[in-house]
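Asks: Just passing along the structure, written as structure tokens.
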Amino acid sequence: MAKGTHSYLEDDRNKSIKIYVNGEILSRTDASISVFDSGFLLGDGVWEGIRLLNGELVSLDEHLERLFFGAKELDINIGCSRKELIKIIHKTLNANNMINNVHIRLIVSRGLKKTPYQHPNANIQGSTIVIIPEYKKADKKINEKGINLVTVNIRRGTSDTQDPRLNTLSKLNCILACIEADKAGADEGIMLDINGNISTCNSTNFFIIRKGEVWTSKGMYCLPGITRKIVIDICKEKNIPIYERDFSIEDVHTSD
């Protein structure tokens, strides 16, 4: 079971889920991709994590907007429209008879290569699309006991190195931060930007409450989180002071 903010209740039904792989619905044991796939070889692709709650795909439009934007930035042709992709998602959910407390990992890679080489001209066919739906009911105990955070040395990069605002399959930066945090006994790592300001956590966006105000980073060095936007919108709607600004780890230590 994942720890920290991603803790969920184990569910035996996940042992027999059906997974979508490029037009086929396959059993968990049979689902696979080629060792020559761009996603496996290079982490070359984009992904989204979408929740299914009470029959509703939460913030689906926003997730697909981010997916297609990321694919465009990477010059990846997903190979289908948003409407077609929604049909594929529902097809996968229906094959599993899923309605509630489901987490969907939607993955799009650049596709199959003829040889292990980074240049896209080595690709020999269109994108690879994989949809993995799992029963993942959040563990409420996390809300009761909270999580432990530690500031890590791994920093968020810039858009001219590897754009941290894109939800790509290449997660090495965050994985290294996660490993460092785990070795320090924490659930997640707080990551700074190149200027030493707070950016994000390794797998979640980060907010603090300070003197009655909600602070979060400017968003230049973190993923444009769907939940992050929802929190910001709720604060504005409820007239709660919310600021996207630079702030330091010292500000975090003195937060409410």
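The values are calculated or read from the model by the stated rules, or taken from the named source; none is laboratory data. Please read these numbers as outputs of a predicted model, since none were measured by experiment. So basically every Cβ, Gly included, is an ideal-geometry build from the backbone, and we count neighbours across all protein chains shown.
Asks: So T158 ticks every box in (1) closer than 28 Å to N22 by Cα; (2) of a type outside the set (G, A, S); (3) surrounded by 12 or more Cβ atoms within 10 Å (Cβ to Cβ) but one. Which box is left unticked?
Replies: Against the list (1) closer than 28 Å to N22 by Cα; (2) of a type outside the set (G, A, S); (3) surrounded by 12 or more Cβ atoms within 10 Å (Cβ to Cβ), T158 comes up short only on (1).
Asks: State which residue is nearest to D251 (Cα to Cα) when the search covers only region 167-226 and only residues that are under 18 Å from the mean Cα position of the chain (by Cα) and among the charged types (D, E, K, R).
Replies: Among those residues, the one meeting the criterion is E188.
Asks: Is it true that T92 is hydroxyl-bearing (S, T, Y), assigned to a loop (DSSP other than H, G, I, E, B) and in contact (Cβ under 8 Å) with a residue 40 or more places away in the chain?
Replies: Numbers: hydroxyl-bearing (S, T, Y): yes; assigned to a loop (DSSP other than H, G, I, E, B): no; in contact (Cβ under 8 Å) with a residue 40 or more places away in the chain: yes.
In short, no.
Asks: Among the strands (runs of 3 or more DSSP E) confined wholly to region 1-85, which include 2 or more residues that are more than 26 Å from E188 (Cβ to Cβ) and of a type outside the set (V, I, T)? Walk me through it before giving the result.
Replies: On the way: elements: 18-21, 24-27, 45-53.
Ranges flagged: 18-21, 24-27.
Asks: Kindly provide the set of residues from region 208-240 that are surrounded by 17 or more Cβ atoms within 10 Å (Cβ to Cβ), out of contact with any Lys or Arg (no Cβ under 8 Å at 6 or more places or on another chain) and part of a strand (DSSP E or B), ordered by number.
Replies: Within region 208-240, just V214 meets the criteria.
Asks: Condition test on G157, is it in the same structural domain as E56 (by TED's automatic domain parsing) and farther than 24 Å from S7 by Cα?
Replies: Spelling it out, it is not the case that G157 is in the same structural domain as E56 (by TED's automatic domain parsing) and farther than 24 Å from S7 by Cα.
Asks: Could you list, ordered by first residue, the pairs with Cβ atoms under 6 Å in which the first is in region 194-223 and without any contact (Cβ under 8 Å) to a residue 24 or more places away in the chain and the second is crowded, with 17+ Cβ neighbours inside 10 Å and part of a strand (DSSP E or B), at least 6 apart or interchain?
Replies: Here the result reads F206/T200, each pair linking region 194-223 to a residue that is crowded, with 17+ Cβ neighbours inside 10 Å and part of a strand (DSSP E or B).
Asks: Give me the pairs, please: first residue somewhere in region 12-37 and within 21 Å of V108 (Cβ to Cβ), second residue anywhere and surrounded by fewer than 17 Cβ atoms within 10 Å (Cβ to Cβ) and basic (K, R), beta-carbon distance under 9 Å, and either six or more positions apart or on two chains.
Replies: I17/R28; K18/R28; I19/R28; Y20/K91; I25/K91; R28/K15; F36/K114
Asks: Here is a further query. Does any residue of region 169-184 turn out to be surrounded by 14 or more Cβ atoms within 10 Å (Cβ to Cβ) and either part of a strand (DSSP E or B) or assigned by TED's automatic domain parsing to the domain that holds A95 (or both)? Walk me through how you get there before you give the answer.
Replies: Keep residues of region 169-184 that are surrounded by 14 or more Cβ atoms within 10 Å (Cβ to Cβ), which gives 169-171, 173-174, 176-182.
From what's left, either part of a strand (DSSP E or B) or assigned by TED's automatic domain parsing to the domain that holds A95 (or both): none.
Taking every residue of region 169-184 in turn, none turns out to be surrounded by 14 or more Cβ atoms within 10 Å (Cβ to Cβ) and either part of a strand (DSSP E or B) or assigned by TED's automatic domain parsing to the domain that holds A95 (or both).
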